[in-house]
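What follows is one structure encoded as structure tokens, with my remarks underneath.
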Amino acid sequence: SNKSVPIGEYRAGRTILNKSISHTDKIQLSHRDDIISFNFVALHYAAPEKNQYAYKLENFETSWNYSGNRRFATYTNLSPGEYTFHVKGANNDNVWNNKGTKLDIVIPPPFWQTNWFYILITLVSIGGVVLIIHYRTKSIKERQDFLEEMNRKLNTQIEQKDKAIQEKKKAKEELEKV
């Protein structure tokens, strides 16, 4: 974030550099580190102002950035992933050190962009749908049972009333015969 990183400094729950950057092969940043800058120098004392530099960030850029005598590179908003920063220099005679140096950079994704989080969200979503279907089916079944019970009671009442009507008809017919 445009601040120098001292060796061994514990900041935001982590230590980025445990030893000098010239002896470090790999650093791990956070997804919150949205600006990263590199300062570099090639040591050639005859005419240091004529030294030239080139750099690239593998997996972000495909070609070298030839920056002339500018000795820094800045990157913003890097996505989570693995990168390799390469830098090389040339002396005042334009002789390039094509081997240069490199630094591996790892930016892990935030938890909400990890595979286990996607799996968890998928399982929770499926579980939620299953629960909704279960409770909806249970509600429908309870409603169906209630309606069937009401239907049985009504049928029983109708049968009893029908039986009473039949008995009254028989009684009326018997009275009429007399």
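The values are calculated or read from the model by the stated rules, or taken from the named source; none is laboratory data. Everything quoted here is computed from the prediction, not taken from an experiment. As a convention, Cβ positions derive from the backbone with ideal geometry for all residues, glycine included, and neighbour counts pool all protein chains shown. Side chains are part of the model used for accessible areas, which takes the heavy atoms of the whole protein and leaves out ligands, DNA and RNA. Shrake-Rupley method; radii C 1.70, N 1.55, O 1.52, S 1.80 Å.
Worth pointing out:
- Helix 115-177 axis, angle to the chain major axis (alpha carbon atoms, nearest 10°): 10
- Segments 53-65, 89-101, 116-128 sorted - mean Cβ within 10 Å per residue, highest first: 53-65, 89-101, 116-128
- Among [x] 177, 21, 20; [y] 46, 33, 28; [z] 145, 34, 22, the entry derived from the coordinates for Cα extents along the principal axes in Å: [z]
- The chain, accessible area per residue, ligands and nucleic acids excluded (1.4 Å, Å²): 78
- Measuring nothing but protein heavy atoms, the accessible surface of the chain at 1.4 Å probe radius is 55 percent carbon and sulfur.
- Whole-number percent relative contact order across segment 1-125, with pairs defined as alpha carbons under 8 Å at least 6 apart: 25
- The residues neighbouring Glu174, those whose beta-carbon lies less than 12 Å from its own, together hold a net charge of +2 under the Lys/Arg +1, Asp/Glu -1 convention.
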